[in-house]
Amino acid sequence: MDATPRAEVLRAELMRRAARDQRVRTSTPPTSLSPLTALRFLWVDDRNTAWLDRVVRRTGWPGIALVGPAAAHAAWLLAQHADRRRRTQRRFLLAMREAAGRGDADRKDLAYLEDRVRVNAGRPQRYGTQYGLTAAGFGPRPIEDPDGLDARRAEVGLPPIGDHDAAPRRHPTV
């Protein structure tokens, strides 16, 4: 992890922004989402997306070597919630994929972002990380090659989908 003042400032800002992201998402139960809360989500997400876009354009993906694992995870969280700027979110995916290729980003986080970008583009996901309302109720969005799903999940360090589905649910923040 880089100990330069620039890296420290970036690390602190990533953590601050991720904490705000999570505060707005956990402040209201999803069943009682008001228009005001929805606007807060959009405001926080849009500001975080624009900020992270500037960071990535200037310095590349804020990876583990530069900001440490917790702040690198925070960067992923901001990218995951960049849904309103899909072109920017795809750029984040490419930068994070490059970082993961050199061991500088968590492959599980990359799998979640890959699925998010694919679902946002109307394509089937690869790792089964994105859930929502479907014709059958709440469940995973369409999955490419469902028979190979658990093998792909294992490659990136995710548990088998059956184990994931059996785990207790928490407030969905991703």
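A few points about this structure:
Here is a yes/no grid of residues against (1) in a loop (DSSP other than H, G, I, E, B); (2) among the basic types (Lys, Arg):
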| position | (1), (2) |
| --- | --- |
| Arg84 | yes, yes |
| Arg90 | no, yes |
| Met96 | no, no |
| Lys108 | no, yes |
| Val117 | no, no |
| Thr129 | yes, no |
| Phe138 | no, no |
| Gly148 | no, no |
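- Screening Ala71, Ala65, Ala50 for residues that are touching a residue at least 60 places away in the same chain (Cβ under 8 Å), surrounded by fewer than 17 Cβ atoms within 10 Å (Cβ to Cβ) and either farther than 24 Å from Asn120 by Cβ or in contact with a helix residue (DSSP H, G or I) (Cβ under 9 Å, 6 or more places away or on another chain) (or both) leaves exactly one candidate, Ala65.
- Restricting the first member to region 100-117 and to residues that are modelled with pLDDT of 95 or more, and the second to residues that are β-branched (Val, Ile, Thr) and in a helix (DSSP H, G or I), the beta-carbon pairs closer than 9 Å and six or more apart or on different chains are Gly103/Ile64; Asp104/Ile64; Ala105/Ile64; Asp106/Ile64.
- Those residues of region 119-131 which are loosely packed, with under 12 Cβ neighbours inside 10 Å and either closer than 19 Å to Asp109 by Cα or touching a helix residue (DSSP H, G or I) at 6+ places or on another chain (Cβ under 8 Å) (or both), in sequence order: Ala121
- Close pairs (8 angstrom Cβ cut-off, 6 or more residues apart or separate chains): within 21 Å of Gly122 (Cβ to Cβ) and of a type outside the set (D, E, K, R) in region 135-156, part of a helix (DSSP H, G or I) and modelled with pLDDT of 90 or more anywhere: Pro140/Ile161; Ile143/Leu149; Leu149/Ile161
- Options Ala65, Ala99, Ala50: the member that is out of contact with any strand residue (DSSP E or B) (no Cβ under 9 Å at 6 or more places or on another chain) and within 30 Å of Asp163 (Cα to Cα): Ala99
The values are calculated or read from the model by the stated rules, or taken from the named source; none is laboratory data. Because the structure is a prediction, the values reported are computed rather than measured. Using ideal geometry, Cβ is built from the backbone for each residue, glycine included, and neighbour counts are taken over all protein chains shown.
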